[in-house]
Amino acid sequence: KQEVTQIPAALSVPEGENLVLNCSFTDSAIYNLQWFRQDPGKGLTSLLLIQSSQREQTSGRLNASLDKSSGRSTLYIAASQPGDSATYLCAATSNDYKLSFGAGTTVTVRA
Amino acid sequence: NAGVTQTPKFQVLKTGQSMTLQCAQDMNHNSMYWYRQDPGMGLRLIYYSASEGTTDKGEVPNGYNVSRLNKREFSLRLESAAPSQTSVYFCASSFPIQGSSGANVLTFGAGSRLTVL
């Protein structure tokens with residue numbers, strides 16, 4: 001059974017600092033790895049999806065890397081802003097197309 | 001474009017009561033899902049429907065039933081609610097990524113917060 005872990009559970013940084021969010025998974029036989037953002041009281045919004053054959057994906061200030069062999073993905077957010085405050089979740093898609101979610105990292109960017 | 005719409009947004013039930021959570025999507029997606037989210041835990045899959053007319057159990061199906069009414073609608077029913085079912089429930093739908101059979105991009109609803117007393 002795929003286990004997905006996100007450490008730390010919470011993170012607080014001053015505005016302008018770069019954010020590094022970690023995601024680890026136990027079974028390297030994944031189809032893809034997705035990163036989501038969740039605002040309080042809202043649903044999840046897909047940010048980036050990395051296929052198993054890719055090493056990274058970029059969208060604006062966001063960059064996600066994937067290292068299947070070590071079972072890790074990292075989400076980088078450059079020059080953080082207060083609007084980046086949210087919970088970020090990663091999810092690994094197994095080869096049976098089921099998603100396993102981490103519990104998320106709650107980020108607070110202080111103005 | 002509404003995306004994925006869930007109703008109700010909030011509900012309080014007494015133990016033993018029944019209720020149905022409704023979900024509708026207007027994106028012509030084939031697959032739909034019900035997840036629950038509990039504090040300190042990731043989302044856990046309750047049931048999913050790969051296409052109209054089919055449903056399958058996920059990780060935590062006990063105490064729930066689902067109906068894929070048509071391509072747009074996928075409902076989740078609690079027949080006899082228990083306090084352990086207090087949670088936030090999310091419906092999602094998905095489409096396959098082009099050129100990548102099986103891999104899906106999910107669109108989530110805003111969630112339904114259920115409290116069972």
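No lab work stands behind these numbers, since they all come straight from the coordinates. All of these numbers come straight from a predicted model, not from anything done at the bench. Every residue, glycine among them, receives a Cβ derived from its backbone with ideal geometry; neighbour counts consider all protein chains shown.
Things to note:
- Exposure proxy ranking, count of Cβ atoms within 10 Å, fewest first, for B:Trp34, A:Trp35: A:Trp35, B:Trp34
- Remark on the protein assembly as shown: Rg and Dmax equal 17.6, 51 Å (Cα only).
- Assigned charges on the beta-carbon of Lys, Arg, Asp, Glu; the range B:17-96 dipole about Cα centre (debye): 20 debye
- Net charge, B:Leu13 excluded, C-beta distance under 14 Å - Lys, Arg +1, Asp, Glu -1: +2
- Excluding same-chain neighbours fewer than eight residues apart, the aspartates and glutamates reachable from B:Lys71 by a Cα-Cα span under 19 Å are B:Asp26, B:Glu52, B:Asp56.
- Neighbour counts of C-beta atoms inside 10 Å place A:Thr5, B:Thr55, B:Thr15 in the sequence B:Thr15, A:Thr5, B:Thr55, starting with the fewest.
- Debye, to nearest 20: dipole size of the range A:1-110, +1 on Lys, Arg Cβ, -1 on Asp, Glu Cβ: 100 debye
- Among A:Ser12, A:Ser80, B:Ser93, the ranking by other beta carbons within 10 Å of each residue's beta carbon, starting with the fewest, stands as A:Ser12, A:Ser80, B:Ser93.
- Each residue of chain A gets 91 Å³ once the volume of the Cα convex hull is shared out per residue.
- Charge context of B:Thr115, other residues only, Cβ under 14 angstrom, K/R +1, D/E -1: +3
- Length, then width, then depth: along the principal axes, the Cα atoms of chain B run 47, 28, 25 Å.
- For chain B, with +1 on Lys and Arg beta carbons and -1 on Asp and Glu, the positive-most of B:Met27, B:Phe108, B:Thr54 along the dipole: B:Phe108
- Charge dipole (Cα centre; +1 on Lys/Arg Cβ, -1 on Asp/Glu Cβ; no other charges) of the protein assembly as shown amounts to roughly 340 debye.
- Computed from phi, the 3J(HN,Hα) profile of the range A:44-53 under the Karplus parametrisation 6.51, -1.76, 1.60 (θ = phi - 60°) reads 8, 10, 5, 9, 8, 10, 10, 6, 4, 8 Hz, with x in place of Gly and Pro.
- Most fluctuating residue given options B:Val66, B:Val88, B:Val105, as computed from a GNM of chain B linking Cα atoms under 10 Å: B:Val105
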